[in-house]
Amino acid sequence: HIFNGDALKDYFNYHEIELEGDKYVFREALIEGPVQVDEKLSNFIQIRANYLNNTYQVNVERVQQMYQQIMNAAINEKNEIVLWFEYDVFCHLNFCFNVYSLAPLLQPSKKVKLSWVAPTKKHPYSFALHQPVDLLDQFFHRKVLSSENKIVFSALWSAFAKADFQGLRGLIHK
């Protein structure tokens, strides 16, 4: 499970909601600062770590470790990676990046699924407004991303990272 922030992980812990599998928190704000499409993810991670350190005094090693833990989880996963991201632009951009960076790491021979848990339509921009039973219901009705979904979400990330706003506009309608 990859959560969109510490608040969601804390919510699960506070309400003692049990989910099978490891849990990671994606602590990023990709909507601001430098981003790029780079064949070497390590270059991207270093750019982000430096930006977060210079702007918010976030420890560079902590940023690198967060990314590495998530990437290792994808490489070693045997069944499914579940992404917990909301519909607001901030979260959705982070979601698209995760699809872009994780999908190539999943070994097709293992048939590892990449899934998305989204909030209900009643509260599309906040998991915090959901009752624990609603979150579990959303989890049990999560969407397994198809190859086409992965391509579109990856393309959305790529267009954003390249500042290709015309491309973004075209992809948003897919």
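Between the range 47-68 and the range 87-126, what is the C-alpha centre distance in whole Å? So the two Cα centres are separated by 22 Å. Note on the range 20-167: with charges restricted to the Cβ of Lys and Arg (+1) and Asp and Glu (-1), its dipole about the Cα centre is near 260 debye.
Springs join every pair of Cα atoms under 10 Å in this Gaussian network model of the chain, and among GLN46, GLN57, GLN36 the largest mean-square fluctuation is at GLN57. Each of the peptides 39-45, 155-161 was scored by the mean count of other Cβ atoms within 10 Å over its residues; in descending order, highest first, they stand as 155-161, 39-45. Between LEU41 and MET71, residue separation times 0.36 nm minus the direct Cα-Cα distance comes to 9.8 nm. Classified by the C-alpha gyration tensor, the range 91-174 has an oblate form. Its axis ratio a/c, with a ≥ b ≥ c, is 1.5 or above, and a/b does not exceed b/c. With a threshold of 23 Å on the Cα-Cα distance, the over-threshold entries among LYS23/LYS78; LYS40/LYS150; LYS23/LYS111; LYS23/LYS122; LYS110/LYS150; LYS23/LYS113 are LYS23/LYS122.
Using a probe radius of 1.4 angstrom, the carbon and sulfur fraction of the accessible surface of the range 48-174 is 55%.
Each residue, LEU19 and PHE165, gets one label point 7 Å from its Cα in the Cβ direction; the gap between the two is 3.5 nm. Put simply, the amide H of ILE81, placed in the peptide plane, has neighbours under 5 Å in LYS113, LEU114, SER115, leaving out anything fewer than 5 places away on its chain.
Working from label points 7 Å from Cα in the Cα-to-Cβ sense, the ASN50 to LYS110 distance is 3.2 nm. Take the Cα of ILE151, go 7 Å toward its beta carbon, and the backbone nitrogen atoms of the range 99-135 under 16 Å from that spot belong to 100, 103-104.
A 1.4 Å probe run over the chain, with the rest of the protein chains in place, finds 57 Å² accessible per residue.
Phi angles of the range 145-155 translate, via the Karplus equation with coefficients 6.51, -1.76, 1.60 and θ = phi - 60°, into HN-Hα couplings of 6, 7, 4, 5, 4, 4, 5, 5, 5, 5, 5 Hz per residue; Gly and Pro are given as x.
Classify the chain as rounded, prolate or oblate, taking a ≥ b ≥ c as the square roots of the eigenvalues of its Cα gyration tensor: rounded when a/c is under 1.5, otherwise prolate if a/b is larger than b/c and oblate if not. Verdict is rounded for the chain.
The values are calculated or read from the model by the stated rules, or taken from the named source; none is laboratory data. Computed from a predicted model, the values in this text were never measured in an experiment. Counting neighbours? That spans all protein chains shown, and the Cβs are built from the backbone with ideal geometry, glycine included. Side chains included, ligands, DNA and RNA excluded: accessible areas come from the protein's heavy atoms. Shrake-Rupley method; radii C 1.70, N 1.55, O 1.52, S 1.80 Å.
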